[in-house]
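Written out below as structure tokens is the structure these notes cover.
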Amino acid sequence: MGTIDTTKPNLDSTFNERKAFDETKAGVKGLVDAGVEKIPSLFHHQPDKYEIANNTSNVIPVIDLDDIDNKDPSIHQGIVEKVKEACETLGFFQVVNHGIPLSVLEELNDGVKRFYEQDTEAKKSFYTRDMQRSFIYNSNVDIYSSPALNWKDSFGCNLAPPDTLKPEEFPVVCRDILLRYGKHMMNLGTLLFELLSEALGLNPNHLKDMDCAEGLIALCHYYPPCPEPELTVGTTKHSDNDFLTVLLQDHIGGLQVLYDDKWIDITPVSGALIVNVGDLLQASFMHTYVYISINYY
């Protein structure tokens, strides 16, 4: 962990261009605000080799958690079985009736939008590549190593455990909702780890006892309008190097999962959250179980 040294010699012929873009501290949003009509070649990506699957609206399961505390054990077990099947096949599923009010989800989206749509000068003090900062805003965390840049800006912050939390360093425009969302998410995360433990045939507290539910990092991305979307992507293909990702997708959508060498669209469901098994959870049980951590956009 530490500050990325951008002063070291770099054989990449685009290093100076990357550094100049980085030093504006304006991100991709700054390019759009400046009225760019042609995106810089730094953002040009090679065409993807995978096809987009047809008729995939029902492929990603939607699991209703409303009856999770039902006294009928068969109902609880039915939910566990749905989680198990989703983790063993796609590694993705959506949850509804998860306990987080729709108003909180909407306010989080609004708070993130408020931050990114401020003037550049209002955001510059938060722009950093110092991984020790409690609130990290920048564009393309791998700007000095990736073959091509993504058309997005991002910020991240620790929301748990408590000793890592420094809310006074968060932007005022989204501070309160980040903290409120974090409290709700810790409760949901605990429930999900209990379900995952049961799906593995273990005690419900097994993953919690491994401290899987101790930390929480919020990553919030912003994808500005792109004048040449056919040349770039918002996020390159990847899997998550964590235990579990819970993703809030807005109404615009765009999230895709790679399954059987085809991209599957995850259609937005109002009030739903998307759950993704991360690499660390897969690695923890890879010798015994078959939970899948899958690539996605």
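The values are calculated or read from the model by the stated rules, or taken from the named source; none is laboratory data. Treat the numbers as computed from the prediction; the structure is a model and nothing was measured. Glycine gets a Cβ as well: all are built from the backbone with ideal geometry, and neighbour counts include every protein chain shown.
Key figures
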item: Residue under evaluation SER293, criteria (1) surrounded by 14 or more Cβ atoms within 10 Å (Cβ to Cβ); (2) assigned to a helix (DSSP H, G or I); (3) modelled with pLDDT under 90, criterion not met; result: (2)
item: TYR144 vs. criteria of a type in the set (Phe, Trp, Tyr) and closer than 13 Å to ALA26 by Cα; result: no
item: Cross-chain or 6+ apart pairs with Cβ under 6 Å, segment 235-252 first and over 18 Å from VAL104 (Cα atoms), then of a type in the set (A, V, I, L, M, F, W, C); result: ASP242/LEU280; PHE243/CYS212; PHE243/LEU280; PHE243/LEU281
item: Test: residue in segment 214-224 that is modelled with pLDDT under 95, in a strand (DSSP E or B) and in contact with an Asp or Glu (Cβ under 8 Å, 6 or more places away or on another chain); result: no
item: Residue under evaluation PRO47, criteria (1) out of contact with any Pro (no Cβ under 6 Å at 6 or more places or on another chain); (2) assigned to a helix (DSSP H, G or I); (3) farther than 28 Å from LEU244 by Cα; (4) not small (Gly, Ala, Ser), criterion not met; result: (2)
item: Residue in segment 245-253 that is over 24 Å from ASP48 (Cβ atoms), modelled with pLDDT of 90 or more and either not acidic (Asp, Glu) or not in a strand (DSSP E or B) (or both) present; result: yes
item: Criterion violated by ASN187 - all others in (1) touching a helix residue (DSSP H, G or I) at 6+ places or on another chain (Cβ under 9 Å); (2) touching a residue at least 12 places away in the same chain (Cβ under 8 Å) satisfied; result: (1)
item: Positions within segment 125-137 being in contact (Cβ under 8 Å) with a residue 12 or more places away in the chain and either on the phi > 0 side of the Ramachandran plot or surrounded by fewer than 14 Cβ atoms within 10 Å (Cβ to Cβ) (or both), in sequence order; result: ASP130, MET131, GLN132
item: Subset of segment 254-264 (residues that are in a loop (DSSP other than H, G, I, E, B) and of a type in the set (A, V, I, L, M, F, W, C)); result: LEU255
item: Yes/no for ASP33 being more than 24 Å from TYR222 (Cα to Cα), surrounded by 13 or more Cβ atoms within 10 Å (Cβ to Cβ) and modelled with pLDDT of 95 or more; result: no
item: Search result, residues across segment 175-215 that are crowded, with 16+ Cβ neighbours inside 10 Å, under 30 Å from GLU117 (Cα atoms) and either among the charged types (D, E, K, R) or touching a Cys at 6+ places or on another chain (Cβ under 8 Å) (or both); result: ARG175, LEU178, ARG180
item: Output for segment 140-175, where each listed residue is outside any loop (DSSP other than H, G, I, E, B) and under 20 Å from the mean Cα position of the chain (by Cα); result: ASP153, SER154, PHE155, GLY156, CYS157, ASN158, LEU159, ALA160, THR164, ARG175
item: Failed condition for GLU85, given (1) of a type in the set (Asp, Glu); (2) closer than 29 Å to GLN282 by Cα; (3) loosely packed, with under 14 Cβ neighbours inside 10 Å; result: (3)
item: Conditions (1) in a loop (DSSP other than H, G, I, E, B); (2) charged (D, E, K, R); (3) farther than 20 Å from GLY91 by Cα: number failed by GLU230; result: (1)
item: Matching entry among LEU65, LEU90 (being among the aliphatic types (A, V, I, L, M), modelled with pLDDT of 85 or more and within 26 Å of VAL233 (Cβ to Cβ)); result: LEU90
item: Any pair with Cβ under 6 angstrom, 6 or more apart, that starts in segment 97-112 at a residue that is over 17 Å from LEU192 (Cα atoms) and ends at one that is in a loop (DSSP other than H, G, I, E, B); result: LEU102/GLY271; LEU105/LEU248; ASN109/ASP250; GLY111/CYS174
